[in-house]
Amino acid sequence: MMSQKTAGLIKRQKKAVFVGISLVVILIVLFVVSLNTGVMKIDPLTVIKTVFGQGEATDELLLFEFRLPRIVIAVLIGMGLAMSGAVLQGVVKNPLADPGIIGINAGAGLAITLFVTYFSTEVGGSVFLMPIVAFIGAGLTAVTIYAFSYKKDEGISPIRLILVGVAVAAGISALMIVLTLKIDPKTYDFVATWLAGSIWGSSWNFVFALLPWLIVLMPYVYFKAKVLDVMNLGDSTAVSLGMNLEKERRTLLAAAVGLAAASVSVSGGIGFVGLIAPHMTRRIVGEAYRYVLPISALIGGVLVLAADTIGRVILQPAEIPTGVVVAIIGAPYFLYLLAKLND
């Protein structure tokens, strides 16, 4: 006879599968809607014909060279940021951890700004170097935050990490403002676009630059789901089970930084995705990371694609940056979580 524990596990697994399928369906619907969203309207039948090679040349150009790459990038960066946030929350044991809130995105942005200003003659000219440059900046920022948040006898203090991260992010933002006073108008436009969280990299080259990072890091993080589960039991329990805690923590932190850096290198400073998606996931499927990681990625993809679509529709022909739309949702949610933690 099936035990109560086994029945509970099967029930959670079925729920996770149902939620995953539902999110995929929502993502497909959003995908189709987004293809038909913009200043130039294309009816759904024409979209379908064009996708199957039966459309006009102008429709093919609009869909395959402009809209489709941007939609794919929106989904990919949503997945990357969401999974990065889920890992960070598990590693530092802080439900408010997010690559945007603790300054990792800001570090990546500073590195990209310096690269574009002093080393790249044309914005977007070195597209495949962008994720590497962003990873270096985000990595140095993460090391700084880690060093100031770590105490020898206590390890990482979750509250101290958030405070240090917010302070580092503020300092980097101030430095970027100073840099904007010394750059040419073209680079200034790029920096302003990046800071607003606009998906500026919207060609297939940016998709191909981002994709290898996600293909490598997302499966690696999922492979470490059990490690994250053990970490959530507490440091003493993890060590007693034979885990090399600091080694696992550093490698997972590096993976989270890589996911965030690669994502923001083509999307700009989009925050709160890594905060919202894992929290929504835990409310639905529980704490097990084998469910939290993939469901968070799907919710992140849905969130960013929906935000990008809304931003392109609401004030046509002008656009609201995706990061602004996400922030409108994310900032109140962050305050809600903060108030809940203080109860």
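No value in this document is a laboratory result; all are computed from the given coordinates. Just so it is clear, the model here is predicted, and its values are computed rather than measured. Here the Cβ is made from the backbone with ideal geometry for all residues, glycine too, and neighbour counts use every protein chain on show.
In this simple spin-label model, placing a label point 7 Å from the Cα along the Cα-to-Cβ direction at both Phe52 and Ile314 gives a separation of 3.6 nm. Using C-alpha pairs below 8 Å separated by at least 6 residues, the relative contact order for region 216-333 is 28 percent.
At an R0 of 25 angstrom, the distance between the Cβ atoms of Arg290 and Ala331 translates into a FRET efficiency of 0.25.
Which length gain, in nm to one decimal place, applies between Phe119 and Ile215 when the Cα-Cα distance is subtracted from 0.36 nm times their residue separation?
Using 0.36 nm per residue and subtracting the Cα-Cα distance, I get 31.8 nm.
Using the rule -39500 (n - 2.57) for each DSSP H run of four or more residues, divided by the residues of the chain, the 222 nm mean residue ellipticity is -25000 deg cm²/dmol.
Reducing region 272-343 and region 179-242 to their Cα centroids gives an inter-centroid distance of 15 Å. Positive end of the dipole of the chain (Cβ unit charges, origin at the Cα centre): among Tyr336, Pro321, Leu305, the Cα lying farthest that way belongs to Tyr336. Size estimate for region 13-342 follows the Kirkwood approach: the inverse of mean 1/r over distinct Cα pairs works out to 20.2 Å. Of the trypsin sites (Lys or Arg not before Pro) found in region 34-104, those that fall in a DSSP loop while having at most 14 other beta-carbon atoms within 10 Å are Lys41. The gain in end-to-end length when the Lys340 to Val143 segment is fully stretched comes to 68.0 nm, 0.36 nm per residue minus the alpha carbon separation.
A simple charge model with +1 on the Cβ of Lys and Arg, -1 on the Cβ of Asp and Glu and nothing else charged puts the dipole of the chain at about 1140 debye relative to its Cα centre. Of the residues Gly258, Phe115, Leu163, the one whose Cα sits farthest toward the positive end of the charge dipole of the chain, with +1 on the Cβ of Lys and Arg and -1 on the Cβ of Asp and Glu, is Leu163.
Averaging the sequence gap over all C-alpha pairs within less than 8 Å and six or more residues apart, then dividing by the number of residues, gives the chain a relative contact order of 31 percent. Remark: region 256-270, residue by residue, has Karplus-estimated 3J(HN,Hα) of 5, 5, x, 4, 5, 5, 4, 5, 6, 5, 10, 10, x, x, 8 Hz, where x stands for each Gly or Pro and the curve is 6.51 cos²θ - 1.76 cosθ + 1.60 at θ = phi - 60°. With a threshold of 22 Å on the Cα-Cα distance, the over-threshold entries among Lys93/Lys152; Lys93/Lys224; Lys93/Lys340; Lys151/Lys247; Lys15/Lys247; Lys226/Lys340 are Lys15/Lys247; Lys226/Lys340. Here's the picture: a label point sits 7 Å out from the Cα of Leu45 along the beta-carbon direction, and within region 57-73 the residues with their amide nitrogen under 19 Å of it are 57-60.
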